Amino acid sequence: MVLRQAVSLPQGEDINEWLASNLTDFYNQVNLLYGSLTQFCTPETCPTMSAGPKFDYLWADSSLFKKPIRLSAPEYIDTLLTSIQTALDDESVFPTQPSSSTTLQTAAFPKHFQATVKLIFKRLFRVYAHVWHAHFATVVVLGEESHFWTSFRHFVLFVREFGLVERKELLSMEAFIDA
């Protein structure tokens, strides 16, 4: 119940500010979680970015790979985390300065901001799914199981609250999401 309340938009908060703040937090959580697994997630152990036999994830973006391409899991995740950090550092995507045209002192977010956020959240989910399907035994051995589940549960509650990831994208872990 506490996590459910934590994801709700606080009264008076700008939705885009809330999405940006939480996206940054989830990026940091996923980065930390995956960072502890990098020696186990290699091109040899994970030649594709997948979440079990039914879910292979391809990478495409507007700059590096215009056509969807199959990457190893570590290459996919590194590309993702780098692209998120680049976006977070880009004032035209994630503004940190208040807009001079607003009276509430909120930043002026671009028109495509929520679409960008949805894409990032979809891809962050894929990291959770890959970790669970390919590396969860290692997560347990490293003593990170409770961190994984708390972070994942918080993530799912947040993306559901704001409709950030389509249900079909969550199928690889639906047994845990609907539990």
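The values are calculated or read from the model by the stated rules, or taken from the named source; none is laboratory data. What you see is a predicted model; the values in this text were computed from it and never measured. As a convention, Cβ positions derive from the backbone with ideal geometry for all residues, glycine included, and neighbour counts pool all protein chains shown. Note: accessible area is taken over every heavy atom of the protein model, side chains too, but ligands, DNA and RNA are not part of it. Shrake-Rupley method; radii C 1.70, N 1.55, O 1.52, S 1.80 Å.
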List 4, 153, 126, ordered by accessible area with a 1.4 Å probe, largest first: 4, 153, 126
For region 69-85 and region 155-179, write down the distance between their C-alpha centroids in whole Å. 21
So if each residue of separation counts as 0.36 nm, and I subtract the Cα-Cα distance between residue 153 and residue 136, what length gain in nm does that give? 4.6 nm
Value of relative contact order over the chain, rounded to a whole percent, pairs C-alpha under 8 Å and six or more apart: 28
Total charge of the residues flanking residue 118 in space, meaning their Cβ is under 11 Å from its Cβ, with Lys and Arg +1 and Asp and Glu -1, is 0
Ordering 59, 18 from largest to smallest accessible area (1.4 angstrom probe), what's the sequence? 18, 59
Which value, in nm² and rounded to one decimal, describes the direction-averaged projected area of the C-alpha convex hull of the chain? 11.1
How far, in nm, would the chain grow between residue 175 and residue 13 when pulled straight, counting 0.36 nm per residue and subtracting the alpha carbon separation? 55.0 nm
Rounded to the nearest percent, how much of the accessible area of the chain (1.4 Å probe, protein heavy atoms only) is carbon and sulfur? 55
Give the accessible area for residue 93 in Å² (nearest 10); use a 1.4 Å probe, count only protein heavy atoms, and leave out ligands, DNA and RNA. 20
Net charge within 12 Å of residue 8 by Cβ-Cβ distance, Lys/Arg positive one each and Asp/Glu negative one each, not counting residue 8 itself? 0
If you roll a 1.4 Å probe over the heavy atoms of the protein chains, what accessible area per residue do you get for the chain, in Å²? 54
Tell me the accessible surface of residue 112 in square angstrom (1.4 angstrom probe, heavy atoms of protein chains only), to the nearest ten. 100
Stretch gain in nm, segment residue 119-residue 146, where the contour uses 0.36 nm per residue and the Cα spacing is subtracted: 7.1 nm
